[in-house]
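Working notes for the structure below.
The values are calculated or read from the model by the stated rules, or taken from the named source; none is laboratory data. Everything quoted here is computed from the prediction, not taken from an experiment. Note that each Cβ is placed from the backbone with ideal geometry, even for glycine, and that neighbours are counted across all protein chains shown. With ligands, DNA and RNA removed, areas are computed over all heavy atoms of the protein, side chains included. Shrake-Rupley method; radii C 1.70, N 1.55, O 1.52, S 1.80 Å.
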Amino acid sequence: MKTTDKIVDILKLNGAQTAQSLAAELGLTSMGVRQHLQALEAEGLVRTEDRAEGRGRPARYWTLTEQSRSLFADRHDELSLQLITSVRQVFGDEGLDKLISHREQQSLESYSSQMAAAASLADKLECLAEIRSREGYMAQIEVDSTGFWLLENHCPICAAATSCQNFCRSELALFRQLLGPEVEVSRREHMLDGSRRCAYRIEAKGTLNDAQ
C-alpha cells in the first residue's frame with residue numbers, strides 16, 4: 001500500500017490531521033509526509049486549514065477535499081440515480097418507498113443472520129461495523145462512559161441518498177430494528193448536512209455496564 005494511500009485512509013477515518021500526527025502514525029519524518037501531502041494537494045485531493053491552538057503560530061491541518069470521494073467505493077452512482085428516476089416516473093414516490101422498504105427488510109434479514117452469535121451490545125456493534133465496512137462504509141466503533149458511537153466515514157450510496165433521503169431514514173430504522181427496543185439510536189452527524197461522516201449515538205436504556 002503506497003504511503004499516499006495510507007495518508008488518504010487516515011484522513012478519511014480520523015478527519016483533519018497535522019503533518020506531525022500523520023508522521024507519528026506512519027513512522028515517517030514530518031518532512032517526508034509533507035512531500036506526500038503536497039503531491040496529493042497538487043492532485044486536488046487534500047487541502048489545508050490553519051487552526052489557532054493557544055500561543056504561537058497556528059497549526060496547519062490537512063483534510064480531504066470533495067474530489068477525494070472518487071478514490072472510494074461509489075456503488076455506480078450514475079446507474080443508481082437513473083434507477084431512482086425511473087422508479088419515480090413509473091411507480092411514483094409510493095413505489096420508491098416500497099423499494100426502499102424492501103431493501104431495508106432484506107438488509108435486516110442478512111444483518112440479523114450475520115450478527116446472530118453476538119450476545120452483548122458491544123459485540124453486536126463490532127459485528128455491525130464489520131458488515132458495514134465490507135459494504136464500503138469504512139465503519140468503526142468508539143465507546144465512552146455512557147454509550148457507543150457507530151462512525152461511518154464513507155457513504156458508498158451517497159448519490160442515491162442525496163437524490164432520495166429516505167435511504168438514510170431507512171438505514172437509521174434498520175439499526176434500531178437490529179439493536180432492539182432497549183437501545184436508543186440517533187444520528188448526530190450526517191454527510192448530507194455537510195459533515196465529513198455519519199455518526200450514530202447508541203445507548204442502552206440502562207447503564208453501560210448492563211449493555212456490555
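Summary of values
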quantity	calculated
Near pairs, Cβ below 8 angstrom, 6+ apart or cross-chain, from region 118-137 (under 19 Å from VAL183 (Cα atoms) and modelled with pLDDT of 95 or more) to any residue that is basic (Lys, Arg) and open to solvent by 30 Å² or more (accessible area, probe 1.4 Å)	ALA118/LYS124
Residues being open to solvent by 90 Å² or more (accessible area, probe 1.4 Å) and in a helix (DSSP H, G or I) - total across region 87-125	9
Selection within region 15-40 - open to solvent by 80 Å² or more (accessible area, probe 1.4 Å) and either touching a Leu at 6+ places or on another chain (Cβ under 8 Å) or assigned to a helix (DSSP H, G or I) (or both)	GLN20, ALA24, GLU25, MET31, ARG34, GLN35, GLN38
Test: ARG60 is within 27 Å of ARG169 (Cα to Cα), open to solvent by 70 Å² or more (accessible area, probe 1.4 Å) and not acidic (Asp, Glu)	no
Total residues in region 139-176, condition assigned to a strand (DSSP E or B), crowded, with 20+ Cβ neighbours inside 10 Å, touching a Phe, Trp or Tyr at 6+ places or on another chain (Cβ under 7 Å) and not aliphatic (A, V, I, L, M)	1
Any hit, region 77-86, residues being under 22 Å from ARG134 (Cα atoms), in contact (Cβ under 8 Å) with a residue 12 or more places away in the chain and either in contact with a His (Cβ under 7 Å, 6 or more places away or on another chain) or open to solvent by less than 60 Å² (accessible area, probe 1.4 Å) (or both)	yes
Any hit, region 177-193, residues being modelled with pLDDT of 95 or more, among the small types (Gly, Ala, Ser), on the phi < 0 side of the Ramachandran plot and open to solvent by less than 30 Å² (accessible area, probe 1.4 Å)	no
Hits in region 71-84 (condition: farther than 18 Å from LEU37 by Cβ, in a helix (DSSP H, G or I) and either at pLDDT 85 or above or within 22 Å of the chain's Cα centre (by Cα) (or both))	ASP77, GLU78, LEU79, SER80, LEU81
LYS6, sole failed condition from (1) within 29 Å of CYS158 (Cα to Cα); (2) without any contact (Cβ under 8 Å) to a residue 40 or more places away in the chain; (3) open to solvent by less than 30 Å² (accessible area, probe 1.4 Å)	(3)
